[in-house]
1. Any residue in segment 68-88 that is farther than 14 Å from Gly53 by Cα sitting within a Cβ distance under 8 Å of a residue that is basic (Lys, Arg) and open to solvent by less than 70 Å² (accessible area, probe 1.4 Å)? List the pairs, counting only those 6 or more apart or interchain.
2. Which of the residues that make up segment 42-52 are farther than 16 Å from Pro77 by Cβ and touching a residue at least 12 places away in the same chain (Cβ under 8 Å)?
3. Could you tell me which residue of segment 67-83 is farthest from the chain's Cα centre (by Cα), considering only residues that are exposed (fewer than 12 other Cβ atoms within 10 Å of the Cβ) and in a loop (DSSP other than H, G, I, E, B)?
4. Starting from residues that are open to solvent by less than 60 Å² (accessible area, probe 1.4 Å), of a type in the set (A, V, I, L, M) and part of a strand (DSSP E or B), keep the ones in segment 22-59 and report whichever is farthest from Thr83 (Cα to Cα).
5. Identify the residue in segment 84-95 that is among the aliphatic types (A, V, I, L, M) and surrounded by 15 or more Cβ atoms within 10 Å (Cβ to Cβ) and, among all such residues, is modelled with the highest pLDDT.
Amino acid sequence: FESLPTKVMAAAAQGAVSNKGVRVEYDADGYPYHHYHVDANGDDLFRCYAVKGCKGKAKFMYGRFVNYQDHFPFHFPKDHDKTLRLMKQKAIEERHAGASTERVVDDAMQNVHPNVLPY
């Protein structure tokens, strides 16, 4: 299956635009942001839209995507549940194929994106 960072990088490389014509960007953790303003310095400002009412904000400064306000109320990125479901399905398939539990867990932990971890 395609990992979350791979999908995020693919969307960022394509210069994603929403159905309403608004520029959409993703940060390194997979949170989606839409463009809403340009400040006095010419930096593009973005808001998280994964959950209604989220206070997460970010901006492009010096060619980098920088978060400057935390997500509140806290939430995981949109694909978090899907990623966990796919990881679980892959682990079940590997166990049915005869792989040891330790190997399955080690593989899952090596390939997991940090935003999927519970802590």
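1. If the second residue must be basic (Lys, Arg) and open to solvent by less than 70 Å² (accessible area, probe 1.4 Å), the pairs left are Tyr68/Lys57; Tyr68/Lys59; Asp79/Lys7.
2. Asp43, Asp44, Leu45
3. Pro73
4. Ranking the qualifying residues of segment 22-59, first place goes to Leu45.
5. Here the answer is Ala91.
The values are calculated or read from the model by the stated rules, or taken from the named source; none is laboratory data. Computed from a predicted structure; not experimentally measured. Heads up, the Cβs are rebuilt from the backbone with ideal geometry, glycines too, and the neighbour counts pull from every protein chain shown. Note: areas computed on protein heavy atoms with side chains; ligands, DNA, RNA excluded. Shrake-Rupley method; radii C 1.70, N 1.55, O 1.52, S 1.80 Å.
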